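One structure below.
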Amino acid sequence: MLGLLLMGSYVLINIKNTYLKHILFILIFYISLTTGHDSLYLSLGLVYFSYWFLKANKSQRIILTVSLLAVGVCVFAFVPTFTDVNMKWRFLFWKDSLSKVIDNYLIFGDGFGIQYASDETVSKLNELFSWPISGPQIVGDGKYLCAPHNSFISMILHIGILSIFLLIYPLKTLFTNKKLLKDNEVLFLFLNLLGIAIFCSFNVILELPHSSSLFWIVYFGLVFKLNDNKYQNEF
């Protein structure tokens, strides 16, 4: 699934023919619909929007932003899976996790090997998937293994808000020198990272070595590219 995000970014950046670019991206988007992960085609859609937004002028960006908001409203209004029991499960879990973070003043994490959700929240989560709705139940040691399905909330829960700051800080050059995004290599890595980050916001990705590997390859590839002194001097 992460490979589809990579391919989507590659098509947008490297395919010069506009018609072929759209055809291939639509094909990748269609494949994403068959995976059963709404967060995947949501990530692809936002990658597509970000690409054209960065390429657009001021008036075009206004039109794109209004269009994105309209599509967002339609998705939540007419696509049941964005408001179903799975999403309610996530929101309930996220609320409990963020409550713990706030209790720690955002600075301190709870460490590792912790019970992710309180017993009260675990009971509520299990009730969402109780009969006749079949689904995952958090029981026994599962309280220590079932993360809130948002890798960044998991990071904050474990080691505090500083972890997110340290994650974003090496990318600061992108915000101070927007000309960097005119380079196709930087734009490719940025769109990749953006898509994977959105996907990580709805799934357990960075918690697992086999699924996090692509994220870190793209992340450090972009960081090293941005910190190349010779490359920076070109802009």
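The values are calculated or read from the model by the stated rules, or taken from the named source; none is laboratory data. The structure displayed is predicted, hence computed values, not measured ones. Here the Cβ is made from the backbone with ideal geometry for all residues, glycine too, and neighbour counts use every protein chain on show. Accessible surface is based on the protein model in full, side chains and every heavy atom, while ligands, DNA and RNA are left aside. Shrake-Rupley method; radii C 1.70, N 1.55, O 1.52, S 1.80 Å.
Key figures for this structure:
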| item | result |
| --- | --- |
| Hz values of 3J(HN,Hα) by residue in the range 50-58 - Karplus curve (6.51, -1.76, 1.60), Gly and Pro given as x | 4, 4, 6, 5, 5, 7, 7, 8, 4 |
| FRET efficiency estimate (nearest 0.05) - Cβ-Cβ, Leu171 to Ser59, R0 45 angstrom | 0.95 |
| Average silhouette area of the chain, convex hull of alpha-carbon atoms, in square nanometres | 14.9 |
| The range 75-147, Rg to Rh (Cα coordinates; Rh as Kirkwood inverse mean 1/r) | 1.03 |
| Shape of the range 171-220, Cα gyration tensor, a/c cut at 1.5 | prolate |
| Coordinate range along principal axes, alpha carbons of the range 22-97, Å, largest first | 41, 26, 24 |
| In Å², nearest 10: area of Trp216 left accessible to a 1.4 Å probe | 80 |
| Order by protection proxy (mean Cβ within 10 Å, highest first), peptides 147-155, 178-186, 62-70 | 147-155, 178-186, 62-70 |
| Listed residue pairs exceeding 31 Å between alpha carbons, taken from Lys21/Lys88; Lys21/Lys178; Lys124/Lys172; Lys21/Lys179; Lys16/Lys172 | Lys21/Lys88; Lys124/Lys172 |
| Accessible surface of the range 1-148, 1.4 Å probe, proportion on carbon and sulfur as whole % | 69 |
| Among Asn192, Asn177, Asn126, residue whose mean-square fluctuation peaks in a GNM of the chain (springs only between Cα atoms under 10 Å) | Asn177 |
| Å² per residue, accessible surface of the chain at 1.4 Å | 58 |
| Point-to-point label distance, Val85-Asn184, nm (Cα→Cβ direction, 7 Å offset) | 4.8 |
| Placed amide H near Gly109: partners under 5 Å, 5+ positions off or other chain | Gly160 |
| Cα centre as origin, Lys/Arg/Asp/Glu Cβ charges: the chain dipole, Debye | 1060 |
| The range 107-235 - Kirkwood radius from inverse mean 1/r over Cα pairs (Å) | 16.9 |
| The range 151-194-the range 195-212 distance, computed between alpha-carbon centres (Å) | 14 |
